[in-house]
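Visitor: Handing you this structure, nothing more for now.
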Amino acid sequence: MSHGIKINKEACKGCVNCIKTCPTEAMRVIDGKVRIMEERCIGCGECLRSCRHRALSLKENDWDFLSSKRSLAVVVDPALCFQFPWRPYPDVLSQVLRNMGFDPIFKDAALAFDLTALAEARLLDGNSDKRGPMISTYCPAVVRLIQMKFQELIKNLSPVENPLEICIDLWRAKHVKHNVPAALVAPCPARVAMVEDPVGRDASSADYVISVTRMAREILTNSRSVEHLEDSARGSNSRWVRWASLGGETAHIKEFAEKPVRSLTVSGMRNVIDLFQELELGRLKGIDFIEARACNFGCIGGIANVESRFIAHQKLKMLASSAPTDEEKLLLDELYETGIWKLQEEIMPVEQAPLGMDLAKAMEKLEELHSVYAELPHLDCGTCGRPTCRVMAEDIVKGSGSIEDCIFRVRERIAELSEEIHVLSKKLIHTMTPEGENEDKRDM
Amino acid sequence: MSAREPLIVQREVKPLDFLAAGETASEFKELLKSLGIPTDICRRASIVTYEAEMNTVIHGGGGVMSLRLEDDAIIIVAEDQGPGIADLEKAMQEGYSTAPDFVREMGFGAGMGLPNIKKYSDKLEIDTRVGEGTTLRAYIFIKGQREE
Ligand SMILES: Nc1ncnc2c1ncn2[C@@H]1O[C@H](COP(=O)(O)OP(=O)(O)OP(=O)(O)O)[C@@H](O)[C@H]1O
Ligand SMILES: [Mg+2]
């Protein structure tokens, strides 16, 4: 599985800040450099937040390479709309992108987000209490977390495609003849991973990725005056832009749902994990829909944003969005019937390799793990390059580490050795006379 | 008394320690997963552990939780030296609870714990004596074990 994170080995100091913040224990420091275990990473970006050496960044395509393309369609994560000193209306941004020579996919984005919300609303209308709540699949890090850690909740994931994929599909359907590549502007590693290695479909419709950071920087340096644009661009549907912030998806769904939706919105890795734990234990009842986002505040809290999430959240209030018109509803109904909103493939669990081939072997390994763990200092200092002593013990029994990786154990060994040396040095050689004793005694 | 089968792990639970609630459950779940036990069994074990743990925390005055493994079953054991259950038949009924108000305010005390333990396990033994304590043993059979 791809994780959307680029490691700058030169910048990495091998400090263990990042590996300790990883919610899935997917990071190690080996030979002084950080390493990400692909099969465990969910792309949440917590490690990027904790790196003070800028050794971690989004794995995006080269800007010069992309801007040299004759034509490039651009689809933006709604979070991009909130990065600028002007109002977050998508039409303004669309104009700016067009002026820069890109082909912005904005009308189809508006349509795709409407369609997703409509499809989710219809599923919720038909849902029974027994199945438990439906969980949004919009945040790719949340989807991966469920695949990896909460497999029992996979059946609760909404079987609706990500609107950022749908909008490219819609756009492509209208532009079959031109073979124009599409780039997605991403606010976090998980969105990058969504393009590189999507869940629920074979391949992403997007070809390239640009980080919100980079795109925002280019826009800010390229477009000085947008005032004239701002006034002329308030017309079209901006409902989709609200998805950038926590609660936006739920609000959108409620506009289409016939029945009341009992929803729960939650953001931030810790909250999301706690919520899923409670959900798996069956303690949460009477909820129809869960909007969970890995980042605080939702996608505007993504690590690659340039604007403060607090200000971005405030800007949301400047956005007057209208309910869908009858005409729009008619078009959406038609699109709904085509089924283009459906997830193409079933979402499968990502199983971690068990400790042993069969139960008996695994039990043996587990006992070994417990005894190795007992030898460790339980300080979780990270000096061995693992986030915790427990993970260290796991790595050792899996064959990828040795007890000497532990600085405390090595220290103890040195102490033992020096004690031994000391004892040895006191051992007498037969030809030597001990100090302060006379020969007579020794003869006895 | 319950040292018959190989032990996977043992945890002490303190009385009224609501903060730690669920920790044992998720630890047991992760352990079972690392042993290659199918996920639905892990989940059932996790629910059983959680409910048994909560009963030990709330009613039993704290105790010991352990996870054991037999040839074809995992066993979740909750032992306490608390007040015991006077009328076990009643306690097994849905909705029966003696939980005090402050516990109910925390969202517990629906009287669903023991019925859920029964529902999610394949065999249940409860040994309880008033004034002496309670030992609960819940068995979950491992059917579809992986080949190789
Ligand atoms: N370990 C125990 N020691 C003493 N009494 C217990 C113990 N476990 C259960 N009981 C008694 O059995 C009753 C029913 O238990 P059960 O777990 O079904 O419901 P509850 O704990 O009251 O509520 P809930 O589990 O829904 O939060 C309890 O109210 C309590 O009186
Ligand atoms: Mg209970």
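The values are calculated or read from the model by the stated rules, or taken from the named source; none is laboratory data. This one's a predicted model, so the numbers in the text were calculated from it and none came from an experiment. As a convention, Cβ positions derive from the backbone with ideal geometry for all residues, glycine included, and neighbour counts pool all protein chains shown. The area values use the complete protein model at the heavy-atom level, side chains included, leaving out ligands, DNA and RNA. Shrake-Rupley method; radii C 1.70, N 1.55, O 1.52, S 1.80 Å.
Visitor: Please state which of the following conditions residue B:89 fails to meet, knowing it meets all the rest: (1) under 17 Å from the mean Cα position of the chain (by Cα); (2) more than 12 Å from chain A (Cβ to nearest Cβ); (3) more than 7 Å from ligand 1 (Cβ to nearest atom).
Guide: (1)
Visitor: Looking only at region B:72-83, filter to residues that are more than 6 Å from ligand 1 (Cβ to nearest atom) and in a loop (DSSP other than H, G, I, E, B); which one of those is farthest from the other protein chains (Cβ to nearest Cβ)? Steps first, answer last, please.
Guide: To start, the set of residues in region B:72-83 that are more than 6 Å from ligand 1 (Cβ to nearest atom) comprises B:72-79, B:81.
Checking the rest, the ones that are also in a loop (DSSP other than H, G, I, E, B) come to B:72, B:81.
On the way: B:72: 10, B:81: 26 Å.
Here the residue is B:81.
Visitor: Every residue in region A:109-130 that is over 13 Å from residue A:158 (Cα atoms), open to solvent by 60 Å² or more (accessible area, probe 1.4 Å) and modelled with pLDDT of 95 or more, please.
Guide: none
Visitor: Looking only at region A:356-367, decide whether some residue is surrounded by fewer than 19 Cβ atoms within 10 Å (Cβ to Cβ), of a type in the set (Gly, Ala, Ser), away from every other protein chain (no Cβ under 12 Å) and part of a helix (DSSP H, G or I).
Guide: no
Visitor: Still on this structure, I have one more. Assess whether residue B:40 counts as being assigned to a helix (DSSP H, G or I) and within 13 Å of another protein chain (Cβ to nearest Cβ). Outline the logic, then answer.
Guide: Working: assigned to a helix (DSSP H, G or I): yes; within 13 Å of another protein chain (Cβ to nearest Cβ): yes.
Taking the combined requirement at face value, the residue satisfies it.
Visitor: Do any helices (runs of 4 or more DSSP H) lying entirely in region B:84-133 carry at least 1 residues that are hydrophobic (A, V, I, L, M, F, W, C), over 27 Å from residue B:41 (Cα atoms) and within 11 Å of ligand 2 (Cβ to nearest atom), and which ones are they? It would help to see each step written out before you state the result.
Guide: Details: elements: B:88-91, B:101-105, B:113-120.
The qualifying helices (runs of 4 or more DSSP H) are B:101-105.
Visitor: Yes or no: region A:48-58 includes at least one residue that is open to solvent by less than 60 Å² (accessible area, probe 1.4 Å), assigned to a helix (DSSP H, G or I) and modelled with pLDDT of 95 or more.
Guide: Yes, region A:48-58 contains a residue that is open to solvent by less than 60 Å² (accessible area, probe 1.4 Å), assigned to a helix (DSSP H, G or I) and modelled with pLDDT of 95 or more.
Visitor: Mind checking which pairs have a first residue in region A:390-407 that is of a type outside the set (A, V, I, L, M) and a second that is open to solvent by 60 Å² or more (accessible area, probe 1.4 Å), Cβ under 7 Å, 6 or more apart or different chains?
Guide: A:390/A:373
Visitor: Please give the number of the condition residue B:36 fails out of (1) open to solvent by 30 Å² or more (accessible area, probe 1.4 Å); (2) more than 16 Å from residue B:137 (Cα to Cα); (3) in contact (Cβ under 8 Å) with a residue 60 or more places away in the chain.
Guide: Condition not satisfied by residue B:36: (1).
Visitor: Something else now. Of the residues B:106, B:112, B:92, which is at pLDDT 95 or above, surrounded by fewer than 22 Cβ atoms within 10 Å (Cβ to Cβ) and over 27 Å from residue A:359 (Cβ atoms)?
Guide: Details: B:106 fails: at pLDDT 95 or above; B:112 fails: at pLDDT 95 or above.
Sole residue among the options that is at pLDDT 95 or above, surrounded by fewer than 22 Cβ atoms within 10 Å (Cβ to Cβ) and over 27 Å from residue A:359 (Cβ atoms): B:92.
Visitor: Pick from region B:15-56 the residues that are among the charged types (D, E, K, R) and modelled with pLDDT of 90 or more: which of them is nearest to ligand 1 (Cβ to nearest atom)?
Guide: Applying the filter and picking the extreme gives B:51.
Visitor: List, please: which pairs have Cβ atoms under 9 Å, are six or more places apart or on different chains, and start with a residue in region B:10-28 that is closer than 20 Å to residue B:81 by Cα and end with one that is assigned to a loop (DSSP other than H, G, I, E, B) and open to solvent by 40 Å² or more (accessible area, probe 1.4 Å)?
Guide: Listed pairs, sorted by first residue: B:15/B:61; B:16/B:61; B:18/B:106; B:20/B:14.
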